[in-house]
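Read the structure below first, then the notes.
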Amino acid sequence: MQAAPRLRALQRHLGSSEGRGMEPTSSPLTTHVLDTAWGLPAQGLCLCLSRLEDHGRQWTELRKSYTDSDGRCPGLLPPGPMKAGTYKLSFDTEGYWKKRGQESFYPYVEVVFTITDETHRFHVPLLLSPWSYTTYRGS
């Protein structure tokens with residue numbers, strides 16, 4: 001597979017407004033995982049959402065799920081405001097790459113972030129390859 005077609009597929013996918021999951025009745029937190037090695041959504045990647053509780057001493061798992069065929073994980077939280085606090089999205093990248101017969105460097109990726117404004121919506125994308133990853137606060 002050539003790099004240029006993979007890049008175009010990834011650019012088309014990132015620019016797509018389909019299934020953004022940001023409608024008013026959707027979860028206040030969304031994620032989207034893209035496999036940049038193949039230029040495709042990362043389907044079937046296991047992830048966990050946790051919140052820091054007990055005065056910053058204990059992570060409480062809120063939801064465990066898998067990305068869909070579009071690399072998204074709908075319904076991470078019920079519709080409505082998010083409780084202010086510190087959250088963590090843990091992505092099982094080792095499991096994802098092993099299913100594809102691919103060696104990888106990072107066994108998991110943890111993205112920790114703080115919510116201070118409960119009225120906002122939050123999107124946390126993950127761009128993933130066997131040897132690197134990138135994340136950012138999306139819209």
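The values are calculated or read from the model by the stated rules, or taken from the named source; none is laboratory data. The model shown is predicted, which means the values in this text are computed figures rather than measured ones. Ideal geometry is used to build each Cβ from the backbone, glycine not excepted, and the neighbour counts take in all protein chains shown. The protein model used for the area step is the full one, side chains on, heavy atoms only, and it has no ligands, DNA or RNA in it. Shrake-Rupley method; radii C 1.70, N 1.55, O 1.52, S 1.80 Å.
So here's what we get for this one:
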item	result
Unique residue being closer than 25 Å to H120 by Cα, open to solvent by 80 Å² or more (accessible area, probe 1.4 Å) and modelled with pLDDT of 95 or more when the list is E61, E18, E23	E61
So S50, is it buried (at least 17 other Cβ atoms within 10 Å of the Cβ) and either closer than 16 Å to P125 by Cβ or of a type in the set (F, W, Y) (or both)	no
In the stretch 114-130, the residues that are surrounded by fewer than 12 Cβ atoms within 10 Å (Cβ to Cβ) and either at pLDDT 95 or above or in contact with a strand residue (DSSP E or B) (Cβ under 6 Å, 6 or more places away or on another chain) (or both)	T114
Extreme residue, farthest from the chain's Cα centre (by Cα), among residues of the stretch 64-104 that are open to solvent by 60 Å² or more (accessible area, probe 1.4 Å) and either under 14 Å from V124 (Cβ atoms) or of a type outside the set (D, E, K, R) (or both)	G101
Filter result for V111 (open to solvent by less than 60 Å² (accessible area, probe 1.4 Å) and within 17 Å of P41 (Cα to Cα))	no
